[in-house]
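The values are calculated or read from the model by the stated rules, or taken from the named source; none is laboratory data. Small disclaimer: the values here were computed from a predicted structure and weren't measured. As a convention, Cβ positions derive from the backbone with ideal geometry for all residues, glycine included, and neighbour counts pool all protein chains shown. Just the protein is used for accessible areas: all its heavy atoms, side chains included, with ligands, DNA and RNA removed. Shrake-Rupley method; radii C 1.70, N 1.55, O 1.52, S 1.80 Å.
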Amino acid sequence: MSQARPPFPPFTAETAAQKVQGAEDAWNSRDPQKVSLAYTPDSVWRNRDEFLSGREEIIAFLTRKWERELDYALRKTLWSFSDDRIAVRFQYEWHDAAGQWWRSYGNELWEFSSDGLMSRREASINDVTITDAQRRIFGPRPTEEHGVDIELR
């Protein structure tokens with residue numbers, strides 16, 4: 001049985017922004033089980049070149065992701081929304097096991113069911129190497145920075 005997840009569609013600018021911040025907060029927890037609960041049991045994903053279906057695959061994917069992407073910290077920005085869809089831009093920083101830092105840039109398209117759970121997620125992501133001195137995302141976003149846009153570079 002699914003747990004409803006407000007805010008619910010149809011979205012307004014305010015509720016779409018709440019949904020984006022909620023997703024950012026959940027992903028920054030790096031808890032695959034917790035994150036998976038925001039998706040319908042049969043949610044479908046495209047993440048880069050991977051295609052997933054259902055919470056079990058989502059949990060397995062996120063577990064692998066955060067085992068490889070160490071000290072992951074994410075920022076999402078609302079790009080656009082309609083009745084039951086939201087588009088976001090995002091950036092996150094992480095380092096690999098060798099200590100190389102990366103900034104990953106991307107866009108996501110989200111579609112929601114009436115209970116506020118995400119039924120579809122499509123993500124396009126590019127990775128850029130950065131130095132430790134170039135880092136600008138350090139842990140979860142402080143409350144006073146909610147809604148602040150992220151720099152392009």
Subject >> Where segment 13-140 is the region considered: accessible area per residue in Å², 1.4 Å probe >> reply: 48 Å²
Original post:
Carbon-plus-sulfur fraction of the accessible area of segment 13-140, 1.4 Å probe, in percent?
Top reply: 52 percent
Subject >> Protection proxy ranking of 44-51, 131-138, 28-35 - average other beta-carbon atoms within 10 Å, highest first >> reply: 28-35, 44-51, 131-138
Original post:
Largest first, how would 71, 115 line up by accessible area (1.4 Å probe)?
Top reply: 71, 115
Subject >> List 102, 79, ordered by accessible area with a 1.4 Å probe, largest first >> reply: 79, 102
Subject >> Distance between segment 65-79 and segment 1-27 - C-alpha centres, whole angstrom >> reply: 18 Å
**OP:** Measure nothing fancy, just the Cα-based angle from helix 13-28's long axis to the longest principal axis of the chain, in degrees from 0 to 90, nearest 10.
**Re:** 50 degrees
Original post:
Okay, helix-only estimate at 222 nm for the chain: each DSSP H run of n ≥ 4 adds -39500 (n - 2.57), divide by all residues, round to 500 deg cm²/dmol; what do you get?
Top reply: -7000 deg cm²/dmol
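Could you order 128, 20 by accessible surface area, starting with the largest, using a probe radius of 1.4 Å?
The ordering from most to least exposed comes out as 128, 20.
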